[in-house]
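What follows is a short report on a single structure.
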Amino acid sequence: MKDTLLTDRQKEVIRLRKQGMTQQQIADRLGTSKANICTIEKSANENIRRAKETLEFLYTLDATELCTIPAGTDLMDAPKMIYAAAAPTKVKIIYDTLGLINRLSSYIPEKFKGRQVKEDICVYLNKEGDLYFS
């Protein structure tokens, strides 16, 4: 397997959790304690979070900060704000309204509670019309 930020054990635990197994079931299967599986999973998720933040930084290097969607905004209002901010740039966003809503909610799900934005979201636009968020 390719070299990643995750150890083989971390990848195994994450895969098994994604398959629906509990930490106790994984511990039994791997012959270790539930506490050890909890520690492995927590470390793996932290590594994944750090890798995601690094990629977000990389993606925004060739993008321009477009706007900020403030906390408290309804997700359904975000596309209107983004399209309005992009209009003066003359760059056509590659997403329609539904695609943009899906991109926002799947790219940074931790920043939403239901339809409400929980914390400010910075929106970046590159010259190809793709959007990135942080």
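Using the basic label-point model (7 angstrom from Cα toward the beta carbon), what is the Asp74 to Asp62 distance in nanometres?
Result: 3.7 nm between the two label points.
Efficiency by 1/(1 + (r/R0)^6): what FRET value for Thr89 and Gln19, r their Cβ-Cβ distance, R0 = 41 Å, to the nearest 0.05?
About 0.40, to the nearest 0.05.
With unit charges on the beta carbons (Lys and Arg positive, Asp and Glu negative) and the dipole taken about the Cα centre of the chain, which residue among Cys38, Tyr95, Leu6 sits farthest to the positive side?
Cys38
Any chance you could run the full-extension gain for Leu5 through Arg115? It's 0.36 nm times the residue separation minus the Cα-Cα distance, nm to one decimal. Present the calculation step by step, with values, prior to reporting the outcome.
Details: separation 110, 0.36 × 110 = 39.60 nm, distance 3.23 nm.
My answer for the length gained is 36.4 nm.
Output ³J(HN,Hα) for region 117-123: one whole-Hz value per residue in order, computed from phi by the Karplus curve 6.51 cos²θ - 1.76 cosθ + 1.60 with θ = phi - 60°, and x for Gly and Pro.
Per-residue couplings from phi come out as 6, 7, 9, 3, 10, 7, 10 Hz.
On each of the three principal axes of the Cα atoms of region 8-58, give max minus min coordinate, whole Å, ordered largest first.
Projected onto the principal axes, the Cα atoms of region 8-58 cover 40, 19, 16 Å.
What FRET efficiency comes out for Ser43 versus Asn102 if R0 is 41 angstrom and r is the Cβ-Cβ distance? Round to the nearest 0.05.
Values: r = 30 Å, r/R0 = 0.74.
So, using R0 = 41 Å, E works out to roughly 0.85.
Which label belongs to the value computed from this structure, given these candidates for semi-axes √(5λ) of the Cα gyration tensor in Å: (i) 32, 14, 12; (ii) 37, 17, 11; (iii) 23, 18, 14?
Of the labelled values, this structure produces (ii).
In terms of the ratio Rg/(2.2 N^0.38 Å) built on C-alpha atoms, what value belongs to region 62-133?
Working: Rg = 11.2 Å, N = 72, 2.2 N^0.38 = 11.2 Å.
Dividing the Cα radius of gyration by 2.2 N^0.38 Å gives 1.00.
With an 8 Å cut-off on Cα pairs and a minimum separation of 6 or more residues, tell me the relative contact order of the chain in percent.
Values: 149 pairs, mean separation 34.2, N = 134.
This gives 25 percent for the chain.
With charges only on Cβ, +1 for K and R and -1 for D and E, what is the dipole size of region 60-134 about its Cα centre, in debye, rounded to 20? Before the final figure, lay out the partial values.
Details: 9 positive and 10 negative charges, 32 e Å.
Roughly 160 debye for region 60-134.
Bear in mind these aren't lab numbers, they're just calculated from the coordinates by the rules spelled out. All values derive from a computational prediction rather than experimental measurement. Don't worry about glycine lacking a Cβ; one is built from the backbone with ideal geometry, like all the others, and counts go over all protein chains shown.
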